[in-house]
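Here the structure comes first, spelled out in structure tokens, and everything after it is commentary.
Any read-out appearing in this document is the output of simple, stated calculations on the displayed coordinates, not a laboratory observation. Everything numeric in this text was worked out from a predicted model, so none of it was measured. FYI the Cβ positions are ideal-geometry reconstructions off the backbone, even for glycines, and counts take in every protein chain you see.
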């Protein structure tokens, strides 16, 4: 048993999402969004380096010492997997660990809208889950892929950096590939995947033009492709994909994206006030013919109004999701206000005036 495993056990017991181990400081847990120090001594650089290197593969240590930061996955059987990031900072080595539960929660257990699980039945196309770091994108994607694994007889290939949720083959054959360990890059893995008889491809992160281009190509050639982006809402997701391409290609990209895209799920994670834990507010865009036309014509600014009238297709905007969570007393009015788009809808529920003077 590695020395650091005791901190992972504490992390699990406290329900923390992240563990921070920084030279010159006490260990810190992120619990329900807040940073809380662990009652432990200040970590010295050499002591912490020894502790961290105990769980790190040798090839990853070489990468870290060359580049100054590095990601990898670590697992404690029967407890959880961890996404690990090592980095150098002013006072020495530092590390942040994100817990990835061993058990994959289903769409029902996560209380996701029914349209989310229906995405697992799509024959082809591109489905994107977006949101800021730590908003639960991987958890939502894992639930959808688990649904695919249960109801279809297909070949699933996942490409991640590092591998997070591990899916055991059920009805499907599942292959997990880790960037830096099993393949050089997302781009190389995606190119390879197209020759590996895939039906469903999960791309952990659509980081650059080439990866996005290959993901769209795969979705247009009969594959169902899932991916994530760090964008805040459905409209900005479409704009981000188009704008990453040179101006001369953007008209063609809009046309291709309109044909390829099937759904965008944008989520924000908020602290619950009724029980301990977090809850996701989801914005859901389903690519109906009307939405495809807006993407093709470059009128993404009209997408929110189409979402407002497309509730029968399972669409919902973020403000409606926040309003529902607030009215069910699952989140505070203050959190709803901070995260909403149209501030005037929520300001009347605040007990005190808004603290963000930039919104006035």
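How many nm separate the modelled label positions at residue 50 and residue 166, each set 7 Å beyond the Cα in the direction of the Cβ?
Taking the two extended label points, one gets 2.9 nm.
Out of all Cα-Cα pairs in region 5-101, roughly what percent, to the nearest whole number, are more than 21 Å apart?
Across region 5-101, Cα pairs with separations above 21 Å total 28 percent.
If you wrap a convex hull around the alpha carbons of the chain, what volume per residue comes out, as a whole number of Å³?
Given the Cα convex hull of the chain, per-residue volume reads 165 Å³.
Comparing 182, 167, 20, which has the greatest mean-square fluctuation in the GNM of the chain with Cα pairs linked when under 10 Å apart?
Highest fluctuation among the options: 182.
Taking Cα centroids, how far is region 220-285 from region 87-112 in Å?
About 21 Å separates the Cα centre of region 220-285 from the one of region 87-112.
Would you work out if region 119-216 is rounded, prolate or oblate? Take a ≥ b ≥ c from the square roots of the eigenvalues of the alpha-carbon gyration tensor; rounded if a/c is under 1.5, else prolate when a/b is larger than b/c, oblate otherwise.
Taking the square roots of the gyration eigenvalues as a ≥ b ≥ c, region 119-216 is rounded.
Rank 306, 166, 347 by mean-square fluctuation in a GNM of the chain with C-alpha springs under 10 angstrom and give only the top-ranked residue.
Answer for the Gaussian network model of the chain: 347.
Per DSSP helix of 4 or more residues, -39500 (n - 2.57); summed, then divided by the residues of the chain. What does that give at 222 nm, rounded to the nearest 500?
Taking each H run of at least 4 residues, the total per residue is -10000 deg cm²/dmol.
Could you check the spin-label model distance between residue 188 and residue 110? Points 7 Å from the Cα along Cα→Cβ, value in nm.
Going by the 7 Å Cα→Cβ label model, 3.0 nm.
Calculate the length of the line joining the C-alpha centroid of region 168-204 to that of region 42-66, in whole Å.
The two parts, judged by their Cα centres, are 29 Å apart.
Of 309, 158, 300, which has the largest mean-square fluctuation in a 10 Å C-alpha GNM of the chain?
For the chain, modelled as a Gaussian network with Cα springs under 10 Å, the answer is 309.
Suppose each label sits 7 Å from its Cα in the direction of the beta carbon; what would the residue 292-residue 89 distance come out to in nanometres?
Distance between the two pseudo-spin positions: 4.9 nm.
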